[in-house]
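Below is one structure, written out as structure tokens, with a few remarks after it.
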């Protein structure tokens, strides 16, 4: 199998602050990672595609200046929620496809963000 | 563009009964199809996938799904439900070309009663 981790698993912050979420592929390299957002009792919505060594590709309607994505290495992508507001409270999940098994994405355990 | 429809936001079964979760898709090219399970406050775990070859796919925990091109369906079944199967199930589709994004259905919550 393939393991993807996320840190932190849960974060509470004050409105106006920035929060960084890490996504790591632990036992494989990932040139591409995906960031999803999931509201309570809803499906996953793709926010952006993180590309190692180049700019992320954002889905329509996602503010790239608010959700900063950096793919610093072949095993790490970070999502920074800048100037967070209560409406940004959500469950953020990352995923990564494993080379040789490109059709399958492996998901992290998710990060619960609560903005007060 | 691909899309996925999951009929029924909630499905309730008794323990030991057949589980059937429906998924229909649309895709302009041959698709890759997936079923994922999500337990509360956790990420998604792959149950099974169809890429090519045999249309009846067996996955973990006794689940299986059959790709029916003529019906554009990929329904998930399990002969006998366990209490531990209670979770949210997502069907997803992906084009079979490169690292294209997954498109998810809205999910079906499976409730299992004793």
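Data overview
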| item | result |
| --- | --- |
| Within segment B:47-65, considering residues that are more than 23 Å from residue A:94 (Cβ to Cβ) and buried (at least 18 other Cβ atoms within 10 Å of the Cβ), the one nearest to the other protein chains (Cβ to nearest Cβ) | B:50 |
| Some residue of segment A:58-72 being in a strand (DSSP E or B) and loosely packed, with under 13 Cβ neighbours inside 10 Å | yes |
| Residue within segment A:59-71 that is within 14 Å of chain B (Cβ to nearest Cβ), within 25 Å of residue B:107 (Cβ to Cβ) and in contact with a strand residue (DSSP E or B) (Cβ under 7 Å, 6 or more places away or on another chain) present | yes |
| Residue that is under 14 Å from the mean Cα position of the chain (by Cα), touching a residue at least 24 places away in the same chain (Cβ under 8 Å) and more than 26 Å from residue A:92 (Cα to Cα), where the choices are B:44, B:20, B:33 | B:20 |
| Test: residue in segment B:10-17 that is within 14 Å of another protein chain (Cβ to nearest Cβ) and either closer than 24 Å to residue A:90 by Cα or modelled with pLDDT under 95 (or both) | yes |
| Number of positions in segment A:91-116 that are in a loop (DSSP other than H, G, I, E, B) and either within 15 Å of the chain's Cα centre (by Cα) or within 14 Å of chain B (Cβ to nearest Cβ) (or both) | 5 |
| Residue check for residue A:27: surrounded by 14 or more Cβ atoms within 10 Å (Cβ to Cβ), away from chain B (no Cβ under 14 Å) and under 28 Å from residue B:89 (Cβ atoms) | no |
| Residues of segment A:1-21 satisfying the condition of being within 14 Å of chain B (Cβ to nearest Cβ) and in a strand (DSSP E or B) | A:4, A:5, A:6, A:7, A:10, A:11, A:21 |
| Residue list for segment A:73-90, restricted to those being within 14 Å of the chain's Cα centre (by Cα) and not in a strand (DSSP E or B) | A:75, A:82, A:88, A:89 |
| Check on residue B:40, within 13 Å of another protein chain (Cβ to nearest Cβ), modelled with pLDDT under 95 and closer than 23 Å to residue B:1 by Cα | no |
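The values are calculated or read from the model by the stated rules, or taken from the named source; none is laboratory data. Source: prediction; values computed, not measured. Note that each Cβ is placed from the backbone with ideal geometry, even for glycine, and that neighbours are counted across all protein chains shown.
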